[in-house]
1. Leaving out same-chain residues fewer than 8 places away, which lysines sit with a Cα under 19 Å from that of LYS229?
2. Between GLU217 and ASP38, what FRET efficiency follows from the Cβ-Cβ distance if R0 is 30 Å, with the result rounded to 0.05?
3. Within the range 40-144, report the trypsin sites (Lys or Arg not before Pro) that DSSP leaves as loop and that have at most 10 other Cβ atoms within 10 Å.
4. Give the lysines reachable from LYS179 as a straight Cα distance under 30 Å; neighbours fewer than 8 places away on the same chain don't count.
5. Using the number of other C-beta atoms within 10 angstrom as an exposure proxy, rank TRP211, TRP26 with the fewest first.
Amino acid sequence: MDTSDCKLPGSVFVHQPESLFERCSWFYALCREYLFRDHTPEIASSLFPAGGPEPGTHVLEVGCGPGFYSCRLADEYPQLQTTGIDLSENLLSRAKRRALRRRLANCEFRKGDAHALPEGLCRVDAVVMSRLFLIVPDRETVVREVFRVLRPGGRCFIAEPTSGFRTRIPLSCMWILSKFPYTPAGGFREPQQADVMSRLDFAKLIGSQPWGSMKIEYDGWYQYAVCEKSSEVEAAA
Ligand SMILES: C[S@@+](CC[C@H](N)C(=O)[O-])C[C@H]1O[C@@H](n2cnc3c(N)ncnc32)[C@H](O)[C@@H]1O
């Protein structure tokens, strides 16, 4: 992989308060498995519109949690390599166990911050991001990072829930569960209320990057963005 143009904009790991996802990883993994919608078919048709992916295609899942999509895609398309990035060690351990149980050799997980994606991860063919903007403090930086690490011609699929009420239920349960056995002095990193984005804010956020093409869709409970980085970006750089 050519990493020569992959500049890392400074790490933001230091002094992070504890995460609800770290403390309640088991609960989030249950919600992901049994409660949330599985968007794998939409992801596949958006990222690989010409049919299956080419051998060696590299898909990055940012904020992968328990590795649901990284494993689903790696399982369905053995010619893919998937990499899942998350801040939570406990969720990453779950993701690794999931891949191991399914004997997926084309799926790996690493600790990393969506605001400053790990060095060496660049020129990926595709990015998947699901339910992450709800949580991150600086959405614009995250979308800029996604744009940066995609290769020219690469695509991303982003899914965000639209219902504050439905999103609040799992988050509130996690807050309640997190009270036991103790609450860290500095509280938790995540908000008590899920901050779902309006259609306008979502479209503005995604449109903050100079995509070659960008499609935004809604289906009631979710809003989606499918974007392609122009293959002329490299030529112009
Ligand atoms: C609501 S969950 C979504 C997980 C998964 N994408 C899904 O669809 O179920 C948000 C995930 O983002 C992770 N996360 C939060 N802030 C992050 C950051 N700055 N960088 C990377 N991952 C982050 C959390 O640990 C958690 O696993």
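No lab work stands behind these numbers, since they all come straight from the coordinates. Here the structure is a predicted model, which means the values were calculated and not measured. A quick note on method: Cβ atoms are made from the backbone with ideal geometry, for glycine too, and the neighbour counts reach across all protein chains shown.
1. LYS7, LYS204, LYS215
2. Calculated transfer efficiency: 0.95.
3. Passing both the DSSP loop test and the Cβ count: ARG103.
4. Cross-link targets: LYS96, LYS111.
5. Ordered from fewest to most neighbouring Cβ atoms within 10 Å, TRP211, TRP26 come out as TRP26, TRP211.
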